[in-house]
Amino acid sequence: MSEITTDVVAHLANLSRIALTPEEIETLAGELGAIVDNVAKVNEVATADVPATSHPVALSNVFRPDVPGETLTPEQALSGAPDHDGTRFKVSAILGEEQ
Amino acid sequence: MSLIKLSAAELSEKLASGEVSSVEVTKAHLDRIAAVDGDIHAFLHINAKALETAAEVDAKRAAGETLGELAGVPIAIKDVLATLEMPSTAGSKILEGWIPPYDATVVARLRAANLIPLGKTNMDEFAMGSSTEHSAYGPTHNPWDLDRIPGGSGGGSAAAVAAFEAPIALGSDTGGSIRQPAAVTGSVGVKPTYGSVSRYGAIALASSLDQVGPVSRTVLDSALVHDIIGGHDPRDSTSLKDAWPSFAAAARAGAKAESLKGLRIGVVKELDAPGFQSGVTQRFHEALDLLAANGAEIIEVSAPNFEYAVAAYYLILPAEASSNLAKFDSVRFGLRVNPPGGGTVEDVMAATRGVGFGPEVKRRIILGTYALSAGYYDEYYGSAQKVRTLIQRDFNAAFSQVDVLVSPAAPTTAFKLGEKLNDPLAMYINDITTIPANLAGVPGMGLPIGLAPEDGLPVGIQIMAPQRADDRLYTLGATLERLLEEKWGHTLLSQAPDLAPGEMFAATEGAV
């Protein structure tokens with residue numbers, strides 16, 4: 001059984017920026033342990049001599065001419081924002097008090 | 001025959017001849033949705049402008065404009081695709097009510113071809129699921145049995161065509177989300193070659209796996225939609241620049257000619273497995289017998305690494321999803337939840353994502369973050385990418401012996417709503433037949449081949465072809481569809497239960 005403790009899940013949740021309740025952390029710790037045990041079987045065949053594949057149809061150097069394309073207007077870009085001042089997205093404080 | 005029972009190809013003939021108008025066709029489908037979607041719940045949103053657009057297309061036709069084959073035909077659109085003037089939520093609360101400022105390329109192409117968007121279809125949240133039960137807006141119900149799942153993640157699109165609410169639809173397929181819903185609803189769905197259909201405006205789940213494709217009741221209809229949405233898009237950096245043949249021509253050739261003479265059909269031994277439902281295995285072998293009797297050569301092939309496909313997939317997908325879903329940060333679109341007492345932008349982000357994401361999305365983001373963590377990367381994500389190479393090699397070896405591969409499209413018929421909801425691993429293993437094609441980027445089709453004797457529910461076959469050989473799916477699919485319908489004397493979906501709205505409502509109230 002993989003060691004996925006509630007502390008590990010809480011750390012991962014923090015890295016993922018997801019506020020989880022203690023109950024969610026408890027449930028996820030159990031579920032993730034079982035899932036990780038199962039998916040770890042990839043190591044049975046993934047030996048050192050096998051190269052990795054990141055994309056199924058490899059393409060390289062996908063470029064376009066460096067000219068301005070069709071873009072969203074500021075109004076369009078801000079249209080779905082929870083808060084904005086007409087030209088910029090608005091958010092709460094970037095830094096906490098201790099910083 | 002009622003307009004809603006006609007295929008898109010049949011509707012297009014009647015529209016072209018002037019026998020019916022697009023307004024009439026669109027209204028017939030909107031009426032059907034109003035009558036049955038309370039029970040099916042295939043749609044999350046109905047396009048308020050559908051009739052207006054239909055009238056515009058009728059006016060263009062009356063003015064003598066040259067229109068495309070499917071002009072005036074209504075289509076349902078999976079909610080994973082960005083649409084102007086219609087909310088695009090991907091089945092998530094975090095995007096509730098979000099109206100994108102642009103159309104996905106595939107949607108823009110549908111509009112340019114004068115199709116009529118009917119609305120947006122239900123799906124598992126961010127396409128994470130095999131049953132549509134992970135939608136934040138409640139599950140879709142299978143038209144064959146309302147207590148059963150319609151498949152997922154594209155259960156809404158599949159149920160919409162199977163319940164005659166739309167003749168055709170768009171789906172997206174990351175691990176089977178087009179092909180498995182097709183199998184369990186008795187409809188047709190195609191995952192094209194990776195990179196052959198634009199994903200610009202498709203809300204990304206796992207970028208090395210996602211592919212947009214058609215959903216329909218007939219092989220020809222999927223081909224007609226594929227012809228419209230396919231082809232290079234400079235806005236998608238993974239888009240292939242190939243020139244594609246007409247898939248409708250491939251389907252029409254397959255429906256007419258004896259396409260099976262000399263065709264080598266490989267049966268993937270590892271996907272014809274004990275443990276699959278007996279009626280699925282039975283109908284699959286009957287389909288093979290039918291193909292052999294009509295001239296195809298059936299050859300068993302082995303793909304030993306397919307056994308590791310599900311494990312590799314459930315590392316690669318969460319890893320990529322954890323990165324793709326970082327964009328839902330409460331700043332640019334969607335939900336914002338301020339924690340009690342306020343906080344920094346990061347506190348707001350965490351509170352928003354804690355409230356806005358459902359349990360399966362949280363599970364996969366946390367799993368993906370784990371798989372990508374320093375110290376675990378090589379063991380999990382790196383190894384999964386190696387398995388991907390091995391699976392591609394299995395496909396290459398198989399396609400050196402055969403022209404196409406086949407398997408059951410899903411290991412079982414539609415299971416009951418709730419049956420696997422609390423057992424993530426049981427839900428994941430359900431994708432065993434469809435995942436290998438995504439890992440290798442090859443195209444696949446789900447196609448109905450009968451009803452399982454033990455439960456009377458649809459069974460599907462999956463056809464897979466080499467990368468870029470999507471036309472083979474349509475040719476063989478259309479031939480098999482014709483042979484089966486000749487044998488049955490009817491289409492499979494004509495056997496689906498009648499969804500008489502009043503009676504069903506009474507039944508759920510206990511009055512019947």
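Taken together, the values in this text are just the output of simple stated rules run on the coordinates, not laboratory data. Bear in mind that the values here come from a model prediction, so they are computed numbers and not experimental data. Cβ: placed from backbone, ideal geometry, glycine included. Neighbour counts: every protein chain shown.
Could you work out the relative contact order of chain A, using alpha carbon pairs under 8 angstrom and six or more residues apart, expressed as a whole percent?
Computed over chain A, the figure is 18 percent.
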ask   = Along the charge dipole of the protein assembly as shown, which of A:LEU59, B:THR66, B:ALA350 sits closest to the positive end, that is, farthest toward it, with unit charges on the beta carbon of Lys, Arg, Asp and Glu (+1, +1, -1, -1)?
value = B:THR66
ask   = What residues qualify as long-range amide H neighbours of B:PHE43, i.e. H under 5 Å apart, gap of 5 or more or another chain, H built at 1.01 Å from N?
value = B:ASN122
request  = Note the direction-averaged projected area, equal to a quarter of the hull surface, for the Cα convex hull of chain B, in nm².
outcome  = 24.2
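Taking loop as defined by DSSP and a crowding limit of 11 other beta carbons within 10 Å, which GluC sites (Glu not before Pro) in the range B:57-104 fit? Mind showing how you got there, number by number?
Values: sites: B:GLU65, B:GLU69, B:GLU85, B:GLU96; in loops: B:GLU65, B:GLU69, B:GLU85, B:GLU96.
Answer by residue number: B:GLU65, B:GLU85.
In chain B, which longest range has no trypsin sites (Lys or Arg not before Pro) that are both DSSP loop (not H, G, I, E or B) and surrounded by at most 11 other Cβ atoms within 10 Å?
On the way: sites that count: B:LYS241, B:LYS261.
The reported range is B:262-512.
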ask   = How about B:LYS362: which lysines have a C-alpha closer than 29 Å to its C-alpha, ignoring those fewer than 8 places off in the same chain?
value = A:LYS41, A:LYS90, B:LYS78, B:LYS93, B:LYS120, B:LYS191, B:LYS327, B:LYS386, B:LYS416, B:LYS420
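Find the relative contact order for the range B:1-60 and round it to a whole percent, using C-alpha pairs within less than 8 Å whose residues are 6+ positions apart.
Reported as a whole number, the value is 39 percent.
Of the DSSP beta bridges with both residues in the protein assembly as shown, give the percent that are antiparallel, rounding to the nearest 5.
Details: 30 of 47 bridges.
Given both bridge residues lie in the protein assembly as shown, the antiparallel proportion sits at roughly 65 percent.
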ask   = Check B:ILE75: other-chain or 5+ apart residues with amide H under 5 Å from its amide H, H built from backbone geometry?
value = B:ILE116, B:LEU118
query = Shielding of A:61-73 by partners, i.e. mean partner chain Cβ atoms within 10 Å per residue?
reply = 1
request  = Give the cross-link partners of B:LYS269 among the aspartates and glutamates, using a straight C-alpha distance below 13 Å as the criterion and excluding same-chain residues fewer than 8 apart.
outcome  = B:GLU300, B:GLU307, B:ASP394
query = Please state the relative contact order of chain B as a whole percent: Cα pairs under 8 Å, 6+ residues apart?
reply = 17
message = Output wanted: per-residue J couplings in Hz (rounded whole) for the range B:89-100, from phi through Karplus 6.51 cos²θ - 1.76 cosθ + 1.60, θ = phi - 60°, x for Gly and Pro.
response = 10, 6, x, 10, 5, 5, 10, 4, x, 5, 10, x
request  = Post the alpha-carbon centroid distance, the range B:301-368 to the range B:27-103, in whole angstrom.
outcome  = 29
ask   = What is the distance, in nm, between label points placed 7 Å from the Cα along the Cα-to-Cβ direction at B:SER207 and at B:GLU65?
value = 3.6
request  = Apply the Karplus parameterisation 6.51 cos²θ - 1.76 cosθ + 1.60, with θ equal to phi minus 60°, to every residue of the range A:69-75 and state each ³J(HN,Hα) to the nearest whole Hz, in sequence, with x for glycine and proline.
outcome  = x, 6, 10, 6, 6, x, 4
task = State, to one decimal in nm, how far the label point of A:GLN76 lies from the label point of B:LEU84, with both points 7 Å from Cα in the Cβ direction.
result = 0.8
query = Check A:HIS84: other-chain or 5+ apart residues with amide H under 5 Å from its amide H, H built from backbone geometry?
reply = A:LYS90
note = From DSSP H assignment alone, runs of 4+ in chain A each adding -39500 (n - 2.57), the sum over residues rounded to the nearest 500 puts [θ] at 222 nm at -10000 deg cm²/dmol
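Average partner chain C-beta neighbours within 10 Å, per residue of B:318-331? Intermediate values should be presented prior to the final figure.
Numbers: counts 2, 0, 1, 0, 3, 0, 0, 2, 2, 0, 1, 2, 6, 7.
Taking the mean over all residues of the peptide, I get 2.
Counting other C-beta atoms within 10 Å, which of A:THR21, B:THR344, B:THR121, B:THR174 has the fewest, and how do the rest follow? List each step's numbers first, then the result.
Details: A:THR21 9, B:THR344 17, B:THR121 33, B:THR174 28.
So the residues, fewest neighbours to most, are A:THR21, B:THR344, B:THR174, B:THR121.
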message = With θ taken as phi - 60° and the coefficients 6.51, -1.76 and 1.60, list the Karplus ³J(HN,Hα) couplings across the range A:15-23 in order, rounded to whole Hz; mark glycine and proline as x.
response = 4, 7, 6, 10, 6, 9, 7, x, 5
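Output needed for chain A: three equivalent-ellipsoid semi-axes, defined as square roots of 5 times the C-alpha gyration tensor eigenvalues, in descending order, whole Å.
Numbers: eigenvalues 287, 183, 28 Å².
After scaling each eigenvalue by five and taking roots: 38, 30, 12 Å.
Calculate how many DSSP beta bridges within chain B are antiparallel, expressed in % of all such bridges and rounded to the nearest 5.
Of those bridges, close to 65 percent are antiparallel.
Before rounding to the nearest 500, sum -39500 (n - 2.57) across all DSSP H runs of length at least 4 in chain B and divide by the residue total; then give [θ] at 222 nm in deg cm²/dmol.
On the way: 17 runs with 199 residues, N = 512.
It lands at -12000 deg cm²/dmol.
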note = Straight-line reach check, B:LYS27, cutoff 16 Å on alpha carbons, 8 or more apart in-chain or any other chain, hits among lysines -> B:LYS5, B:LYS14, B:LYS49
request  = Quick one: check the C-alpha center-to-center distance for the range B:118-140 versus the range B:186-249, whole angstrom.
outcome  = 20
For residues of B:364-373, the mean tally of beta carbons on other chains within 10 Å = 6
query = Hull surface divided by four, with the convex hull built on the Cα atoms of the range B:176-322: how many nm²?
reply = 10.5
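Loop-only GluC sites (Glu not before Pro) in the range B:244-338, please: DSSP not H, G, I, E or B, and at most 13 other Cβ atoms within 10 Å.
Working: sites: B:GLU258, B:GLU270, B:GLU286, B:GLU297, B:GLU300, B:GLU307, B:GLU320; in loops: B:GLU258.
Those that pass, being in a loop and sparsely packed, are B:GLU258.
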message = Counting just the Cα atoms, what span does the range B:424-468 cover along each of its three principal axes? Round to the nearest Å and put the largest first.
response = 36, 28, 7
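Using a 10 Å cut-off on Cβ atoms, rank the peptides A:68-77, B:200-209 from the highest mean neighbour count down. If you can, show how the numbers build up before the last one.
Working: A:68-77: 9.8, B:200-209: 22.4.
The peptides rank, most packed first, as B:200-209, A:68-77.
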task = Rounded to the nearest Å, what's the spacing between the alpha carbon centres of the range A:1-25 and the range A:60-91? Just the number, please.
result = 34
